[in-house]
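Written below as structure tokens is the structure these notes are about.
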Amino acid sequence: MASSRYININFPFQDSSKGFFLDLNDNDKKAIKSDLMHLILTRKGERLYLPDFGTNLLKYIFQPNESKTQGEIRDEISQTVKKYLPNLQINKVLVEPSESNDYGVTVRVDYTITDDV
């Protein structure tokens with residue numbers, strides 16, 4: 001019987017069909033995408049023993065939806081990914097006003113997986 005190699009927790013969180021508490025990744029590309037999502041959605045100070053891990057994106061919730069705020073969001077994501085995920089090269093972080101409402105933004109992170117670990 002071949003044993004599976006699990007890398008990290010799948011995102012979004014879901015129950016495991018294999019008997020684990022949460023579903024786990026066994027695919028490198030999916031694992032890296034999950035790592036990126038966990039990093040971006042974790043608030044700084046939330047991670048025990050790593051108070052600088054994550055982003056401060058929640059501080060932009062009530063800020064004006066203008067190019068300055070969008071640029072700060074882009075910089076926050078780029079700098080955090082550069083620091084904590086050395087195996088990703090950020091090609092582009094696109095922050096645009098949301099099509100569904102006037103107050104939100106849509107963020108798209110275009111990245112390349114490198115061998116740097």
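Here, each number is a calculation from the coordinates, and none is a lab measurement. Just so it is clear, the model here is predicted, and its values are computed rather than measured. In this analysis, Cβ positions are derived from the backbone assuming ideal geometry, glycine residues included, and neighbour counts consider all displayed protein chains.
Some notes on this structure:
- Shape class of region 33-117 from the alpha-carbon gyration tensor: oblate, with a/c at 1.5 or above and b/c at least as large as a/b.
- Around the Cα centre of region 39-99, unit charges on the Cβ atoms of Lys, Arg, Asp and Glu (plus for the first two, minus for the last two) sum to a dipole of about 240 debye.
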